[in-house]
Amino acid sequence: FGRDEVFSLSAYYFDTMNQQSDGAFVGELLTKDHVAVGDTFWVHKAVPDPSIDLSRVRDPSELHELLTKKNWDSGVLTVINEEENTASVVLHESSARARSIP
């Protein structure tokens, strides 16, 4: 294995191994902080963006930015239903779709 292959494998491993804990972290934030309609909200993508290539990244800050773009969509909370414990998010930029968050 060369340097690029080891880096790509490490990034892939980190990416896939942390999906559940990332979601738990975000869920934990929601239980401890007040959220309101109009707040920015991050939604984990069901499938990582395949167009983002991490194999040539050399700068850690660039890696963080690309991992965020690869795995998360940002949006705005539009509805919070406390009785049903759900929220709706309208995603920014590349996604014009709305997602309901249980």
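Each reported figure results from applying straightforward, stated rules to the coordinates on display, with no laboratory input. Computed from a predicted structure; not experimentally measured. Note: ideal-geometry Cβ built from the backbone for every residue, glycine included; neighbour counts use all protein chains shown.
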In region 33-58, which residues have a backbone nitrogen under 15 Å from the label point lying 7 Å from HIS64's Cα in the Cα-to-Cβ direction? 58
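Between THR40 and ARG3, what FRET efficiency comes out of the Förster formula 1/(1 + (r/R0)^6) with R0 = 35 Å and r the beta carbon distance, rounded to 0.05? Each step should come with its number before you reach the end.
Numbers: r = 36 Å, r/R0 = 1.03.
For R0 = 35 Å, the calculated efficiency reads 0.45.
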